[in-house]
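See structure below.
Just so it is clear, none of the values below were taken in a lab; they were calculated from the coordinates. Since the structure is predicted, the reported quantities are computational estimates derived from the model, not experimental observations. Note that each Cβ is placed from the backbone with ideal geometry, even for glycine, and that neighbours are counted across all protein chains shown.
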Amino acid sequence: MKFKLGALLALITLGVALTLSSLPTTNTRAQGRQYGPGDHPGLQADGTFRAPDGTLFDSQRAFVESGRRCASKNADDQDIEQIERDVKNARRAGGGSGNLGGTDGARLYANGQITINVYFHVVYRADGTGNIPDSRLDAQIAAMNEHYSGLDTPVYRGAAANTSFRFVRAGVTRTQNDTWYAAGPGSAAQTQMKNALHQGTADDLNFYTNSGGGYLGWATFPNEYAGAPLQDGIVCYWASLPGSNYVPYNEGDTGTHEAGHWLGLYHTFQGGCLGSGDGVADTPAERAATYGCPTKAQDTCKQNAGLDPYENFMDYTDDPCMYKFSLGQSDRMDTMWSTYRFGK
């Protein structure tokens, strides 16, 4: 009797195991790798929002207001004053290839005159998450060249500037490191990753892709290069590059936005309605970041001229709804390039 009972239990156990093994496994690919948020939209059908690290926010607005859209620091008055001194000194010296002897902020280079070498550093997990192919990197380069040429669409608030900058893929490194994959802004892991992988000089763009540490991306500014050259560059969540399903941030605009910081631009909402804002005259002041895809004009700083520039790459709107840099931003990028990056 004991033998029969034991055999029966063994058969039941085997049957359960076989049944379970025949069921589909949740959140895994055929090769067993877990799905990452980049395999699904960020904005969910019920209005919630899934951050790059999987954190679920009540809404896209909550995600944006948490600071996860971009972790690039906001410049303080001391930073801005020092930059102004640096620019004036460079102008007096006629520094850089652009000959800064002209009007403050004036255009220094011709359309597309400057080609920036981009060194991609793809950092991925042991299970393969984040190991995006070269085709996705090339799509990012194509998106940035379209954006910096002023050719993105749809155009709904005037023409975009054709800037001085174009980008070319100069090299790719691929590193499997789970700690670096999770590296966030200001972390020890980020410092280690960049110290180990950085290539080139001040006028080469190091573009790191990983989990974003829960953020879409962040960047260093041109004036920071001299103090920490190996930390220079931008970091973007891998699914923000073109080709993922991470709607509405999957068209490469995050890379364009962070490269804008790297070239010296602030957010259009820098300083809100007060002070000098982003330092660019033709990007009207706005009280706070705009998210989503606005369908009507907004004017959150009525005491200042102009409508909120939510069509601008340096705001926080969805990828399909931002399409331009302004002429003033193009001028500023030229000045920052000549002062801090050219030949450095």
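See the values below:
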read-out	value
Long-range Cα-Cα pairs in segment 77-341 (distance over 35 Å), rounded percent	12 percent
Net charge, CYS301 excluded, C-beta distance under 15 Å - Lys, Arg +1, Asp, Glu -1	-4
Net +/- balance of residues flanking HIS121 in space, Cβ distance below 10 Å, scoring K and R +1, D and E -1	+2
Highest to lowest packing among 72-83, 279-290, scored as the average C-beta count within 10 Å	279-290, 72-83
Part-to-part distance (alpha-carbon centres) for segment 276-302 and segment 201-267, which is given in Å	22 Å
Where labels lie 7 Å past Cα in the beta-carbon direction, separation of ALA196 and ALA228 in nm	1.8 nm
Taking N as its residue count, the alpha carbon Rg of segment 135-188 over 2.2 N^0.38 Å	1.61
HN-Hα J in Hz across segment 61-75 - Karplus 6.51, -1.76, 1.60, θ = phi - 60°, x for Gly and Pro	4, 5, 4, 5, 5, 6, x, 7, 5, 7, 9, 5, 6, 7, 5
Two-site label geometry, ARG92 and THR48: point separation in nm, points 7 Å out along Cα→Cβ	5.9 nm
Prolate/oblate/rounded label for segment 195-344 (Cα gyration tensor, a/c 1.5)	oblate
Neighbourhood net charge (13 Å Cβ-Cβ; Lys/Arg +1, Asp/Glu -1) for VAL247	-4
Residues of segment 302-326 with amide N under 11 Å of the 7 Å Cα→Cβ point at CYS293	318-322
